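Engineer: Would you mind keeping the following structure in view while I ask a few things?
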2 protein chains.
Amino acid sequence: MQMTDKFASLATDNAPGQELRQAAGNIGDLICGESIAGRLVDFSHGDIDAFLPTPGAFDRFFEAIAAGGRQAYTEYRGSADIRAELAEKLATFTGAPISVERGTIITPGTQGALFLAVASLVNQNDKVAIVQPDYFANRKLVQFFGGQVLPVTMTYMGGGSEAGLDLSQLRAAFDVGAKVFLFSNPNNPTGAVYSEREVVEIAKLVEAYGVTVIADQLYSRLLYEGETYTHIRACGVPEDRIITIMGPSKTESLSGYRLGIAFGSPSIIENMEKLQSIVSLRAAGYNQAVLHTWFSEPVGWLDERIRQHQAIRDDLLSLFREGGIASRTPQAGSYLFPTLPPLAVSQHDFVRLLRHQANVIVTPGNEFGPHHDSVRLNCSQDQDAAIAAAHRIVTIVHRYLD
Amino acid sequence: MQMTDKFASLATDNAPGQELRQAAGNIGDLICGESIAGRLVDFSHGDIDAFLPTPGAFDRFFEAIAAGGRQAYTEYRGSADIRAELAEKLATFTGAPISVERGTIITPGTQGALFLAVASLVNQNDKVAIVQPDYFANRKLVQFFGGQVLPVTMTYMGGGSEAGLDLSQLRAAFDVGAKVFLFSNPNNPTGAVYSEREVVEIAKLVEAYGVTVIADQLYSRLLYEGETYTHIRACGVPEDRIITIMGPSKTESLSGYRLGIAFGSPSIIENMEKLQSIVSLRAAGYNQAVLHTWFSEPVGWLDERIRQHQAIRDDLLSLFREGGIASRTPQAGSYLFPTLPPLAVSQHDFVRLLRHQANVIVTPGNEFGPHHDSVRLNCSQDQDAAIAAAHRIVTIVHRYLD
């Protein structure tokens, strides 16, 4: 693969958070009507000024500074004490044991964990099954290492109690030699949670074909009322063939500390640590201490956070549906992935117009696969601001209907 | 390249800081004499409890937490405000202009910058000229991306005012097609600083052959009395073909924050940012604010730090030389790379014996190239503890003489 090809697939211009670097360009010819005033809402990521970082996070950081060198220079895979604590908590949360000494690695964000896991498993020409839609970096990571993406459709708008993964397509991908299956659950961007039946079927297929699984469960704690979650690592996949990835950047609003964790297969984690030694050495030493707060939040804190997000989710869904914009009801996480009605402008231009005329930032759906009629919103925002912005989205959509 | 080969070259067992993970193994058969009591000194990295982080660093972190989302979610290449400030300071320091908007990227440590730079420039089968000895990750990085290392000898024990780089070997590497030259200045592990003549000759060769340079200048601020430093980026290398890497982890003891910066070629930095978006997203947002302190330390702070390190350097050099252990006098940085006399045990076993019998950790020389008779010491330690440990090193060396 040529260097230019390698980096062409990494286009970041429309990636969440990169809007600052977008040239304004000429959208003058496209503009209809006046701008709609309103406070900027950046739905590309959560607003941690609206949903504050976990109580006590900063205190643990402060203690780490006081601890000095011991905390600044941890093993590359992260502080042994903190990993031991996390192994216990995450084994309880996911319902399957974790090797304390060999089964965990702390990384700079879950992005760091994903990168190391893919790099440790995907080589030139390896086939990797990837869900469509799914987190935009999944495809890019596989392509960067010269792997071949085999897309597997998720019919997330189908309704019902399943995520909608096409299991026959997944089997077909394994039939033609996919060696890795990489997926997020809850799904990013749709908020779909895989049913127990789907997870068990995936686990059976993985087992039968000798495939390795990377399960990105970043949002699995923010589970809405009445929903159930099945951890694939507790469904019989052999320990050495599964890596689960989580982190406190989203639900817990700790993104500014850049912390993630991968757990599971000791042999994969050993390679991930070797690679981390040349990628970034380790997650920032002091920051690691913030993980003490994770899964140890004050009683009721998580329930309240879920309740607040669910309220915003429901408000936005109602507004969109009344405005003729369809959306799956997310079962977990803070993303909405509405389907826009046919517009007279391209998705790319719609996103720019929305920003220019309505002070609202959303992420284009085609960052997540060939989803040219969708946009993603992270609803972890100030509730009033989010509702006002959703009204503006509906207005702008109607203004540019085909 | 097979996956197993790809990771075999990343062995981290003897890497600095990984000693915790080394199995004790059986060294019982090798042991001569009693253990020598003394406080543990870990020369594998600097002791930030002896040399404290820059004054004000934590205050800037605290302000960043208070700033909230704005500081947590920066551009992938880092906060625009902080990069603008750094571009100005680093242009002054290095004597050549830096593009404020397009010429800088903040990374998780200088390791992060090195990884991104090599990944952006080295593809399968590309030839890369690397100095021997030099920082251990350089070789590993090139090999991980399937590149071919062309070693260039530095005769660092030659004395005189030059680092001792074999410029004819460098030219020969360029003659056979090396497209990248990656080197640290001051050299890690020897502390050699390239003379103005050497740097200018490198710059001329690079220009003549169209080679791209990655200059790791991590330690270039800790320059001992009477020494001069020449920045290669100010020596006529075209802007688009040089990346300089620095960071506040060493001289400034800020390693626990994991911060580095790469500056220079806008096109290379654009690719580095694209890659950072899938590797770790960004250097931890709050941590980036600590860079405000860099090159803005209290008056006299750097001079005093240099003076203190020079005193330890001189004490250790005297002790080693009196004990029959030769060493180049480092001109910058805090590393010593003494040559041990012929021993009856292997380098690997000597390092283990030293730890077991004398409570002293050093890094084996063969981490830096084929240097089986050397060890590296980071002298950024408590002065008394370092002197006591150096005495123990001399004793153990004499105990195991061939």
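The values are calculated or read from the model by the stated rules, or taken from the named source; none is laboratory data. Source: prediction; values computed, not measured. Cβ: placed from backbone, ideal geometry, glycine included. Neighbour counts: every protein chain shown. The area values use the complete protein model at the heavy-atom level, side chains included, leaving out ligands, DNA and RNA. Shrake-Rupley method; radii C 1.70, N 1.55, O 1.52, S 1.80 Å.
Engineer: Relative to the first principal axis of the alpha-carbon coordinates of chain A, what is the inclination of helix A:301-322, with its axis defined by its Cα atoms, in degrees from 0 to 90 and to the nearest 10?
Structural biologist: For A:301-322 against chain A, the angle is about 30 degrees.
Engineer: Be a star and scan the range B:387-402 for residues whose amide nitrogen sits under 13 Å from the point 7 Å along the Cα-to-Cβ vector of B:D315.
Structural biologist: Output list for this probe position: B:387-392.
Engineer: Can you give the calculated 222 nm mean residue ellipticity of chain B, where each DSSP H run of n ≥ 4 adds -39,500 (n - 2.57) and the sum is split over every residue, rounded to the nearest 500 deg cm²/dmol? Don't jump to the answer; show the numbers that get you there.
Structural biologist: Details: 13 runs with 150 residues, N = 402.
So the helix-based figure for chain B works out to -11500 deg cm²/dmol.
Engineer: Then there's this: Could you give me the ³J(HN,Hα) list for the range B:153-167, computed from phi with Karplus coefficients 6.51, -1.76, 1.60 and θ = phi - 60°, whole Hz, x at Gly and Pro?
Structural biologist: 6, 10, 8, 6, 8, x, x, x, 9, 10, 5, x, 5, 7, 5
Engineer: Sticking with this one: Work out from phi, with θ = phi - 60° and the Karplus expression 6.51 cos²θ - 1.76 cosθ + 1.60, the ³J(HN,Hα) of each residue of the range A:235-240, listed in order in whole Hz, and give x for Gly and Pro.
Structural biologist: Running phi through 6.51 cos²θ - 1.76 cosθ + 1.60 with θ = phi - 60° gives 10, x, 5, x, 3, 7 Hz.
Engineer: Moving on. If the label for A:G158 sits 7 angstrom from Cα along the Cα-to-Cβ line, what are its distances to the same label in every other copy, in nm to one decimal, shortest first?
Structural biologist: Those separations, rounded to one decimal, come out as 7.1 nm.
Engineer: Next question, about the same structure. Give me the orientation-averaged projected area of the Cα convex hull of chain A, in nm², one decimal.
Structural biologist: If you wrap the Cα atoms of chain A in a convex hull and average its projections, you get 19.4 nm².
Engineer: List the equivalent ellipsoid semi-axes of the range A:178-322 in whole Å, largest first, each obtained as the square root of 5λ for an eigenvalue λ of the Cα gyration tensor. Spell out each step's value before the answer.
Structural biologist: Numbers: eigenvalues 153, 109, 34 Å².
The equivalent ellipsoid of the range A:178-322 has semi-axes of 28, 23, 13 Å.
Engineer: Let me ask something additional. Expressed as a whole number of Å, what is the distance separating the alpha-carbon centroids of the range A:154-184 and the range B:220-248?
Structural biologist: Centre-to-centre (Cα) distance: 52 Å.
Engineer: Now a separate question. For chain A, what relative contact order do you get, as a whole percent, if you take Cα pairs closer than 8 Å and at least 6 residues apart? Please report the intermediate quantities before stating the final value.
Structural biologist: Working: 779 pairs, mean separation 101.2, N = 402.
After rounding, I find 25 percent.
Engineer: Using a 10 angstrom cutoff on alpha carbons, build the Gaussian network for chain A and name the most mobile of A:A163, A:A208, A:A358.
Structural biologist: Evaluated over chain A, the most mobile residue of the options is A:A208.
Engineer: With a ≥ b ≥ c taken as the square roots of the eigenvalues of the C-alpha gyration tensor of the range B:297-358, please select rounded if a/c is under 1.5 and otherwise prolate if a/b is larger than b/c or oblate if it is not?
Structural biologist: Verdict is prolate for the range B:297-358.
Engineer: Here is a follow-up. Sequence gap at least 6, Cα distance under 8 Å: using those rules, report the relative contact order of the range A:312-402 to the nearest whole percent.
Structural biologist: Working: 123 pairs, mean separation 32.6, N = 91.
Result for the range A:312-402 is 36 percent.
Engineer: Given R₀ = 22 Å, what would the calculated FRET efficiency be for A:A172 paired with A:S346, taking r from the Cβ atoms and rounding to 0.05?
Structural biologist: Values: r = 32 Å, r/R0 = 1.45.
About 0.10, to the nearest 0.05.
Engineer: By how many degrees, between 0 and 90 and to the nearest 10, does the Cα long axis of helix A:57-67 differ from the longest principal axis of chain A?
Structural biologist: Compared with the principal axis, the helix lies near 40 degrees.
Engineer: Here's another thing I want to ask about it. Considering protein heavy atoms only and a 1.4 Å probe radius, which residues within the range A:103-144 exhibit an accessible-area decrease of no less than 30 Å² in the full assembly relative to the chain by itself?
Structural biologist: A:Q111, A:F115, A:N123, A:F144
Engineer: Next question. Given a 1.4 Å probe, show me the residues in the range B:51-70 buried by at least 20 Å² of accessible surface when comparing the whole protein assembly to the chain alone.
Structural biologist: The answer is B:F58, B:F61, B:F62, B:I65, B:G69 - residues whose exposure falls by at least 20 Å² when every protein chain is included.
Engineer: Take the residue pairs A:K6/B:K250; A:K127/A:K250; A:K89/A:K140; A:K6/B:K179 and return only those whose Cα atoms are more than 27 Å apart.
Structural biologist: Working: A:K6/B:K250 33 Å; A:K127/A:K250 30 Å; A:K89/A:K140 31 Å; A:K6/B:K179 18 Å.
In this structure, A:K6/B:K250; A:K127/A:K250; A:K89/A:K140 lie more than 27 Å apart at Cα.
Engineer: Moving on. Could you size up the charge dipole of chain B around its Cα centre, putting +1 on the beta carbon of Lys and Arg and -1 on that of Asp and Glu, and report it in debye to the nearest 20? Don't skip to the end; give the middle numbers.
Structural biologist: On the way: 33 positive and 44 negative charges, 139 e Å.
Magnitude of the dipole: close to 660 debye.
Engineer: Picking from B:P238, B:P248, B:P108, which is most flexible by a Gaussian network model of chain B using Cα springs under 10 Å?
Structural biologist: The residue with the greatest mean-square fluctuation here is B:P238.
Engineer: Using a 1.4 Å probe on the protein heavy atoms, what percent of the accessible area of chain A belongs to carbon and sulfur? Numbers along the way, then the final one.
Structural biologist: On the way: 6890 of 13700 Å².
It is 50 percent, rounded to a whole number.
Engineer: A:K6: accessible area at probe 1.4 Å, nearest 10 Å²?
Structural biologist: Near enough 10 Å² of accessible area.
Engineer: Can you compute the radius of gyration and Dmax for the range B:243-321, using only the Cα atoms, both in Å?
Structural biologist: Rg, Dmax (Cα atoms, Å): 16.9, 49.
Engineer: Rounded to the nearest 100 Å², what's the accessible area chains A and B bury against each other, both chains counted, probe 1.4 Å? Write out the running numbers ahead of the final one.
Structural biologist: Details: alone 16560 and 16520 Å², together 27380 Å².
Approximately 5700 Å², summed over both chains.
Engineer: Quick one: with label points 7 Å out along Cα→Cβ, list the inter-copy distances for B:P370 in nm, shortest first?
Structural biologist: 5.4
Engineer: Would you please give the residues with an amide H less than 5 Å from that of B:L343, counting only those at least 5 places away or on a separate chain, with H modeled from the backbone geometry?
Structural biologist: The answer is B:D402.
Engineer: Can you find, among A:Q124, A:A113, A:S99, the residue sitting farthest towards the positive end of the charge dipole of the range A:47-144, where Lys and Arg contribute +1 and Asp and Glu -1 at Cβ?
Structural biologist: A:Q124
Engineer: Where the centre of each part is set by its Cα atoms, how far does the range B:73-108 sit from the range B:325-402, in angstrom?
Structural biologist: When both Cα centres are located, 38 Å separates them.
Engineer: In addition: Explain nothing, just compute: Karplus ³J(HN,Hα) = 6.51 cos²θ - 1.76 cosθ + 1.60, θ = phi - 60°, for every residue of the range B:379-396 in order, whole Hz, x for Gly and Pro.
Structural biologist: Each residue's phi maps through the Karplus curve to give 8, 7, 9, 4, 4, 5, 5, 5, 5, 4, 5, 5, 4, 5, 4, 4, 4, 5 Hz.
Engineer: Compute the accessible area per residue over the range B:71-116, keeping the other protein chains in place, probe 1.4 Å, unit Å². Before the final figure, lay out each step's value.
Structural biologist: Values: 1300 Å² over 46 residues.
That works out to 28 Å² for each residue.
Engineer: Amide H neighbours of B:Q132 under 5 Å, at least 5 residues apart or on other chains, H built in the peptide plane: list them.
Structural biologist: B:V152, B:T153, B:M154
Engineer: Can you tell me what the convex hull of the Cα atoms of the range B:258-381 projects to on average, as an area in nm²? Before the final figure, lay out the partial values.
Structural biologist: Working: hull surface 45.7 nm².
Dividing the Cα hull surface by four gives the mean projection, 11.4 nm².
Engineer: Give me Rg over Rh for the protein assembly as shown, both radii from the alpha carbons and Rh done the Kirkwood way, two decimal places.
Structural biologist: On the way: Rg = 27.0 Å, Rh = 27.6 Å.
Rg/Rh for the protein assembly as shown comes to 0.98.
Engineer: I've got another one for you. Placing the label point 7 Å from Cα along the Cα-to-Cβ direction, what are the distances from A:E207 to the equivalent spots in the other copies, shortest first, in nm to one decimal?
Structural biologist: 6.7
Engineer: Given a 1.4 Å probe and the protein chains all in place, what does the accessible area of A:T395 round to, in Å² to the nearest 10?
Structural biologist: Accessible surface of A:T395 is approximately 70 Å².
Engineer: Turning to a different aspect of this structure: State in Å² the accessible area per residue of the range A:273-365; use a 1.4 Å probe, count heavy atoms of protein chains only, and round to the nearest integer.
Structural biologist: Working: 2780 Å² over 93 residues.
With the other protein chains kept in place, the range A:273-365 gives 30 Å² per residue.
Engineer: Give me log10 I(q)/I(0) at q = 0.12, 0.19, 0.25 Å⁻¹ for the range A:317-402, Debye formula, one equal scatterer per alpha-carbon, no solvent.
Structural biologist: -0.30, -0.82, -1.54
Engineer: List the residues whose amide H sits under 5 Å from the amide H of A:Q148, counting only those 5 or more places along or on another chain, with H placed 1.01 Å from N in the peptide plane.
Structural biologist: For A:Q148, whose amide H was placed from the backbone, the distant partners under 5 Å are A:N125, A:D126, A:K127, A:V128.
Engineer: Using only Cα atoms, find the angle between the long axis of helix B:196-209 and the longest principal axis of chain B, and express it within 0 to 90 degrees, rounded to the nearest 10.
Structural biologist: 50
Engineer: With only Lys, Arg, Asp and Glu charged, each at its Cβ (+1 for the first two, -1 for the last two), find how big the charge dipole of the range B:207-320 is about the Cα centre; round to the nearest 20 debye. It would help to have the intermediate numbers written out before the result.
Structural biologist: Values: 10 positive and 14 negative charges, 73 e Å.
Using only the charged Cβ atoms, the result is roughly 340 debye.
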